[in-house]
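For reference, the structure is listed below as structure tokens.
The values are calculated or read from the model by the stated rules, or taken from the named source; none is laboratory data. Being a predicted model, the structure only gives us computed values, none of them experimental. Note: ideal-geometry Cβ built from the backbone for every residue, glycine included; neighbour counts use all protein chains shown. In case anyone asks, the SASA skips ligands and DNA or RNA and just uses the protein heavy atoms, side chains included. Shrake-Rupley method; radii C 1.70, N 1.55, O 1.52, S 1.80 Å.
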Amino acid sequence: MTTWTSKVAFVGASLALTSACQPTGALSFAAAPGEQVTRVSLAAGNVQLVAPFGYCVDERSVKVRATGSFAMLARCDTLGVRGFFAAQDLAVITVTTVSTDTTSQPTAKELAASAAPATVLEQKTHQGLPFVRLTGDAHEVDGASPEHWRSAFVVNGQLVGLALYANDGSLALTDEGALVLSELASQTRKTSVTKPQG
């Protein structure tokens, strides 16, 4: 296993290890009305995570450590934010970062290889971003389908792993879920190009 593939596999393992931060039941939260948080700084400021439209960062989930960072996002209304968000798919998105010394972007083939022993249902590339739809890797997100999307990209010396979970039959498990992750990745890469000063 190459160093790059090992790092992607580590990101996948990190997603499973952070399941304690994730919601239970039918992907819903018991949250008091709160502020709409759509951006958070991870990895010592190297990754400026920007939520896709209609989704918010669960501030309680954010973990920033020397070895990596984690954040979870969900549809804003499930986090207690008032407003109409029903047009967005009900899903949970996890974001994990680990440092890397490569600047090359992962491919769909490499991402699929890193997901073993999970079954790869689909793999593709959209706007330079790799995507795999998986099942059978015991992700432990209560209430979610065993099927889910994963993606990854490199920015500012960080490998950023993305995963999207949803209920059985959700449109988020179709190409729509991949497009949500694509929007998150695009905005995050754009915002992270220049590291914040100070």
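In the neighborhood of ASP89, defined by Cβ-to-Cβ distances under 15 Å, what is the net charge if each Lys or Arg adds +1 and each Asp or Glu adds -1? Each step should come with its number before you reach the end.
Numbers: positive: ARG75, ARG133; negative: ASP77, GLU147, ASP168, ASP175, GLU176, GLU183.
With Lys, Arg at +1 and Asp, Glu at -1, the neighbours total -4.
Hey, got the dipole for the stretch 45-198? About the Cα centre, +1 on K and R Cβ, -1 on D and E Cβ, debye to the nearest 20? Display every interim value, and only then the final one.
Details: 12 positive and 15 negative charges, 119 e Å.
Using Cβ point charges on Lys, Arg, Asp and Glu, the stretch 45-198 gives about 580 debye.
Along the Cα→Cβ direction, 7 angstrom out, place labels at GLU176 and ALA66. What is the inter-label distance in nm?
Using points 7 Å along Cα→Cβ, the separation is 4.4 nm.
Dividing the alpha-carbon radius of gyration of the stretch 51-198 by 2.2 N^0.38 Å (N being the number of residues), what value is obtained? Spell out each step's value before the answer.
Numbers: Rg = 15.0 Å, N = 148, 2.2 N^0.38 = 14.7 Å.
Rounded to two decimals, the normalised Rg is 1.02.
Using a 1.4 Å probe and ignoring any ligands, DNA or RNA, find the accessible area of LEU111 and quote it in Å² to the nearest 10.
Spelled out: LEU111, probe radius 1.4 Å, area about 10 Å².
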